[in-house]
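Visitor: Mind looking over this structure? Questions follow.
The values are calculated or read from the model by the stated rules, or taken from the named source; none is laboratory data. In this text, all values refer to a predicted model and were calculated from it rather than measured experimentally. So basically every Cβ, Gly included, is an ideal-geometry build from the backbone, and we count neighbours across all protein chains shown.
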Amino acid sequence: MAKVIMTADDSASVRQMVTFTLKQGGYDVVEAVDGKDALQKLSSTKVDMLITDLNMPNLDGIGLIKGARALPSCKFIPIVMLTTESQDSKKQEGKAAGATGWIVKPFKPEQLMAVVKKVLG
Amino acid sequence: MPTGKDSVTQDAELKRLSEDWSAVLAEQAAQLAAVSGTTEQEFLDIGGRLQDFYQRGLGISGLASEMVGEVAGDHVIGAMRGLGEMLDDMGRYVNRAQNEIEVSADTLREILVLLAKVSDPLSGFKKVNKVLRMLGISTKIESARLGQSAAGFDTLASDVGELSVQVNDKAAVILKRKEELARTIEQTLAGVLNSGAQQHDQVMAILARTRGSMQALTEINARCSSSVATISAVSDEVYRSIGDVVMSMQAHDIVRQQIEHVDEALTELKHGLSAGTAGADTAAAVCELQIAQLRHAEAELDDAVTTIIDGLREIARKQSGLSAQTSSMAGMADQTGGSFFSEMEKDISVVSDALLDSSKVNQALCVAMATVAQTVGEIATFVGDIEKIGEEIKLIALNAQIKSAYTGDEGAALGVLAEAIQRLSIDAIDHTGAVSGTLQGIIAVTDRLNEGVGAEASGLEREVHGMVQTLSGLLQTLRQVHDTLLHSLRNMDDSVTRLSGDIEQVVAGVTVHRKVSQVLETAVREIAGVVAQARKIAPASPGAGNLEQLTQRYTMQSERRIHESLSGAHAGRDASARPLTVAAAPPPAATEDDLGGNVELF
């Protein structure tokens, strides 16, 4: 059974490219349009990994990570930030919230796949 | 320093300009907000097609793999092995057939020589017949002279005469048959030699060509066996092109954010101008910075779209190249039917025909030999008849001699005649012996040849049929391979043509960068107008215009670099000389675990 990965991003085109890349790698993908939407879906859908943007309306990536980590089903899943932001202070903030890794946009498909394989084992 | 009146005039002028600038900034902020919110659908459409192109590219690579797999597969390898064995069999067959022809020709020539030897004894029968007739007449005359005492000699003479006619007739028939047989043999000899030579040359030429074809097939097979790596390499290249496109597709999000930040900065400046909290210096500095951000955004988007277009075209080009390369690797020259396999199929058809022809030649040889045997048998029968006649004449002559002895002195002449007849009968028997001896020689040779040819012909025929059957199987295999390849090639060509057409259609419809560029150029021009007016009032000076608060909304390193670049220029250089764009960011360095410089795992 294919592992399920959630992509949370307010940019539809980024979600499309993340989904395209992950599906090529044989993963099932759940899309969320922002942090709030993602958290809502996480409470009812079991996912194996979360890839989230930082700056999103309603609830940003840091808020989403904190919310997700509070859910028992997401306590130990890998959460990777996929954002245009590259400031160290933001990265530290993400790490403190519970992020597993940080990818600065734009990503190459093989990069994303390598990260996913690495964190999912 | 302006006087009090001048200061009032300047304030009024600034207020008027601020109102104008506010209107310009409001208009451009609205335009930028609109353009950043409406371009995503075009990217989504391209992204949707990209997934379709990727899947179709996979399908084309799959077809290419199938094609080379078919050529390098068990069918073709089996056919190649069969063809190799067939070439060996054909080599043996050709040698045997050639040997058989030479033996047959020698035997037929030997029969001709033997037949020529029959001519002398046959001419002897003529002489016997002539003398017998004369002796018969003499016997009749002598019998008539003696009258009653020689009664019975007349009948004897008539019998001898009739028998001599029979000898003559049968000898004539033997001569005729002998000549017919000689002609048949000469014709067969010419036919066998001619056909044999033609067949030999033809088969040898085809053998050479088929060996060449087999060598070519071996090379194609080897090429196809190693082409999996080639197809895989092309697939990797296509995947890299897809990767470039995927990367560039994210530019929309990046550029959108940058334009939104400019929009926010312009709106904020407008509010500041309206509220009087922002002066000419701040307006100029903020606008100069936004121009640089917009130019960077425009260049980023243009680069990204160019990469998308190039990447998509590269996918089509790679797939077309793969299609052509696969066709060539599989030995398919084109899709009009001209291919290595169809040429080979033609050659093998010719081989089959040649083998069947050779079988016919062998059959013709058998028929000729049967004719020789039959004719020689008939001649032998006639010779036997003559021999019997000779024996009969001999008995008649013996009776005549006895009778002439009873007749006394008067029958002495008849006794001489009877003796002569007896001698002639012995001559006739001797002649038949000579003819029989020769005929026995011919029969022995013919039987030997018949036996040999019969056994050989039967063996060769079985071999020929076996070879033709195997060749038919090979033909069918090659035809199937050819048909499958042709079908796959057509599918692949169709797929590539449709893919290339669809990609070109998508590429031709990509206008998002031009639309965005148009809006950004207008914004840059309008904002540059504000800068020009503001700088007349507040020339650039180090430290002027507080831009620090703008950094709070940046989400990208590129925005910060542009900001820092212009802030530095504000601080240390003449603003009129500074550029309104900055160089692109250097690519991130790869990390130890090779995930890339933009990846960090905690």
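Visitor: If the Cβ limit is 6 Å and pairs must be 6+ apart or interchain, which residue in segment B:411-433 that is farther than 17 Å from residue B:164 by Cβ pairs with which residue that is buried (at least 24 other Cβ atoms within 10 Å of the Cβ) and charged (D, E, K, R)?
Guide: Here the result reads none, with nothing in segment B:411-433 linked to a residue that is buried (at least 24 other Cβ atoms within 10 Å of the Cβ) and charged (D, E, K, R).
Visitor: Only one of these is at pLDDT 85 or above and of a type in the set (A, V, I, L, M, F, W, C): B:496, B:468, B:519, B:453. Name it. Steps first, please.
Guide: On the way: B:496 fails: at pLDDT 85 or above; B:468 fails: at pLDDT 85 or above; B:453 fails: at pLDDT 85 or above.
Exactly one residue qualifies, and that residue is B:519.
Visitor: Might you let me know whether segment B:59-74 holds any residue that is of a type in the set (S, T, N, Q), surrounded by 13 or more Cβ atoms within 10 Å (Cβ to Cβ) and either within 14 Å of another protein chain (Cβ to nearest Cβ) or assigned to a helix (DSSP H, G or I) (or both)?
Guide: Here is the first cut: in segment B:59-74, the residues of a type in the set (S, T, N, Q) are B:61, B:65.
Within this subset, residues satisfying the condition of being surrounded by 13 or more Cβ atoms within 10 Å (Cβ to Cβ) are B:61, B:65.
Narrowing further to those that are either within 14 Å of another protein chain (Cβ to nearest Cβ) or assigned to a helix (DSSP H, G or I) (or both): B:61, B:65.
Yes, segment B:59-74 contains a residue that is of a type in the set (S, T, N, Q), surrounded by 13 or more Cβ atoms within 10 Å (Cβ to Cβ) and either within 14 Å of another protein chain (Cβ to nearest Cβ) or assigned to a helix (DSSP H, G or I) (or both).
Visitor: Now, a different point. Residues that are within 14 Å of chain A (Cβ to nearest Cβ), crowded, with 17+ Cβ neighbours inside 10 Å, of a type in the set (A, V, I, L, M) and touching a helix residue (DSSP H, G or I) at 6+ places or on another chain (Cβ under 9 Å): does segment B:503-513 have at least one?
Guide: Scanning segment B:503-513 turns up at least one residue that is within 14 Å of chain A (Cβ to nearest Cβ), crowded, with 17+ Cβ neighbours inside 10 Å, of a type in the set (A, V, I, L, M) and touching a helix residue (DSSP H, G or I) at 6+ places or on another chain (Cβ under 9 Å).
Visitor: Is there any pair with a first residue in segment A:53-74 that is of a type in the set (Lys, Arg) and a second that is assigned to a helix (DSSP H, G or I) whose Cβ atoms are under 9 Å apart and which are 6 or more apart or on different chains, and what are they?
Guide: Listed pairs, sorted by first residue: A:66/A:97; A:69/A:97.
Visitor: Quick one: how many residues across segment A:85-116 are part of a loop (DSSP other than H, G, I, E, B), in contact with a strand residue (DSSP E or B) (Cβ under 7 Å, 6 or more places away or on another chain) and within 8 Å of chain B (Cβ to nearest Cβ)? Walk me through it before giving the result.
Guide: Taking segment A:85-116 and keeping what is part of a loop (DSSP other than H, G, I, E, B), we get A:85-87, A:98-100, A:105-108.
Restricting the remaining residues to those that are in contact with a strand residue (DSSP E or B) (Cβ under 7 Å, 6 or more places away or on another chain) gives A:86, A:98-100, A:105, A:107.
Of the ones still in play, those that are also within 8 Å of chain B (Cβ to nearest Cβ) are A:86, A:99-100, A:105, A:107.
Qualifying residue count, segment A:85-116: 5.
Visitor: Related question: Which of the following residues is more than 24 Å from residue B:165 (Cβ to Cβ), β-branched (Val, Ile, Thr) and crowded, with 18+ Cβ neighbours inside 10 Å: B:386, B:396, B:442? Show your work before the answer.
Guide: Values: B:386 fails: more than 24 Å from residue B:165 (Cβ to Cβ); B:396 fails: more than 24 Å from residue B:165 (Cβ to Cβ).
Result: B:442 is the single residue among B:386, B:396, B:442 that is more than 24 Å from residue B:165 (Cβ to Cβ), β-branched (Val, Ile, Thr) and crowded, with 18+ Cβ neighbours inside 10 Å.
Visitor: Still on this model: Quick one: would you say residue A:51 is over 30 Å from residue B:236 (Cα atoms), hydrophobic (A, V, I, L, M, F, W, C), surrounded by 22 or more Cβ atoms within 10 Å (Cβ to Cβ) and within 13 Å of chain B (Cβ to nearest Cβ)? So that I can check it myself, show each step before the final result.
Guide: Details: over 30 Å from residue B:236 (Cα atoms): no; hydrophobic (A, V, I, L, M, F, W, C): yes; surrounded by 22 or more Cβ atoms within 10 Å (Cβ to Cβ): yes; within 13 Å of chain B (Cβ to nearest Cβ): yes.
Taking the combined requirement at face value, the residue does not satisfy it.
Visitor: Give segment A:11-22 a look and list any residue that's more than 7 Å from chain B (Cβ to nearest Cβ) and touching a residue at least 24 places away in the same chain (Cβ under 8 Å), or say none. Give the steps one after another, and end with the answer.
Guide: Narrowing segment A:11-22 to residues more than 7 Å from chain B (Cβ to nearest Cβ): A:15, A:18-19, A:22.
Across segment A:11-22, the qualifying residues are A:18, A:22.
Visitor: Condition test on residue A:77, is it under 14 Å from the mean Cα position of the chain (by Cα) and not in a loop (DSSP other than H, G, I, E, B)?
Guide: Details: under 14 Å from the mean Cα position of the chain (by Cα): yes; not in a loop (DSSP other than H, G, I, E, B): no.
Answer is no for this residue.
Every residue, every condition in (1) part of a helix (DSSP H, G or I); (2) in contact with a Phe, Trp or Tyr (Cβ under 9 Å, 6 or more places away or on another chain); (3) away from chain A (no Cβ under 12 Å); (4) modelled with pLDDT of 75 or more, yes or no:
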site	(1), (2), (3), (4)
B:208	yes, no, yes, yes
B:233	yes, no, yes, yes
B:241	yes, no, no, yes
B:261	yes, yes, no, yes
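Visitor: Out of segment A:64-84, which residues are more than 7 Å from chain B (Cβ to nearest Cβ), more than 16 Å from residue A:5 (Cα to Cα) and crowded, with 18+ Cβ neighbours inside 10 Å?
Guide: Answer for segment A:64-84, where residues must be more than 7 Å from chain B (Cβ to nearest Cβ), more than 16 Å from residue A:5 (Cα to Cα) and crowded, with 18+ Cβ neighbours inside 10 Å: A:67, A:83.
Visitor: Scan segment A:35-44 and give yes if some residue there is surrounded by 19 or more Cβ atoms within 10 Å (Cβ to Cβ) and within 11 Å of chain B (Cβ to nearest Cβ), otherwise no.
Guide: Taking every residue of segment A:35-44 in turn, none turns out to be surrounded by 19 or more Cβ atoms within 10 Å (Cβ to Cβ) and within 11 Å of chain B (Cβ to nearest Cβ).
Visitor: Condition first: within 11 Å of chain B (Cβ to nearest Cβ) and either in contact with a helix residue (DSSP H, G or I) (Cβ under 9 Å, 6 or more places away or on another chain) or farther than 15 Å from residue A:115 by Cα (or both). Can you find one or more residues in segment A:3-10 that meet it?
Guide: From segment A:3-10, those within 11 Å of chain B (Cβ to nearest Cβ) are A:9-10; that's our starting set.
If we keep only those that are either in contact with a helix residue (DSSP H, G or I) (Cβ under 9 Å, 6 or more places away or on another chain) or farther than 15 Å from residue A:115 by Cα (or both) too, we end up with A:9-10.
Yes; the residues of segment A:3-10 include at least one that is within 11 Å of chain B (Cβ to nearest Cβ) and either in contact with a helix residue (DSSP H, G or I) (Cβ under 9 Å, 6 or more places away or on another chain) or farther than 15 Å from residue A:115 by Cα (or both).
Visitor: Run residue B:30 past the list (1) small (Gly, Ala, Ser); (2) free of Cβ contacts under 8 Å to residues at least 24 places away in the same chain; (3) within 11 Å of chain A (Cβ to nearest Cβ) and report the number of the one that doesn't hold.
Guide: All conditions are met except number (3).
Visitor: Within segment B:153-180, can you find the residues that are touching a Ser or Thr at 6+ places or on another chain (Cβ under 6 Å) and modelled with pLDDT of 85 or more? Spell out how you get there, then give the answer.
Guide: Initially, segment B:153-180 is screened for residues touching a Ser or Thr at 6+ places or on another chain (Cβ under 6 Å), giving B:153-154, B:157, B:177.
B:177 - this is the single residue of segment B:153-180 that is touching a Ser or Thr at 6+ places or on another chain (Cβ under 6 Å) and modelled with pLDDT of 85 or more.
Residue-wise test of (1) among the small types (Gly, Ala, Ser); (2) modelled with pLDDT under 90; (3) over 41 Å from the mean Cα position of the chain (by Cα); (4) on the phi > 0 side of the Ramachandran plot.
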position: B:283; (1), (2), (3), (4): yes, yes, yes, no
position: B:287; (1), (2), (3), (4): no, no, yes, no
position: B:290; (1), (2), (3), (4): no, no, yes, no
position: B:306; (1), (2), (3), (4): no, no, no, no
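Visitor: With (1) more than 14 Å from chain A (Cβ to nearest Cβ); (2) buried (at least 22 other Cβ atoms within 10 Å of the Cβ) as the list, and residue B:249 as the residue in question, which single condition is left unmet?
Guide: Unmet condition: (1).
Visitor: A further question on this structure: State yes or no: is residue A:64 touching a strand residue (DSSP E or B) at 6+ places or on another chain (Cβ under 6 Å) and of a type outside the set (Asp, Glu)?
Guide: Numbers: touching a strand residue (DSSP E or B) at 6+ places or on another chain (Cβ under 6 Å): yes; of a type outside the set (Asp, Glu): yes.
Yes; evaluated as a whole, the condition is true for this residue.
Visitor: For segment B:33-55, what are the residues that are away from every other protein chain (no Cβ under 14 Å) and either buried (at least 16 other Cβ atoms within 10 Å of the Cβ) or under 17 Å from residue B:215 (Cα atoms) (or both)? Walk me through it before giving the result.
Guide: Kept after step one, since they are away from every other protein chain (no Cβ under 14 Å), are these residues of segment B:33-55: B:33-35.
The answer is B:33, B:35.
Yes/no matrix, rows are residues, columns are (1) touching a residue at least 40 places away in the same chain (Cβ under 8 Å); (2) farther than 30 Å from residue B:522 by Cβ:
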site	(1), (2)
B:36	yes, no
B:51	no, yes
B:56	yes, yes
B:71	yes, yes
B:80	yes, yes
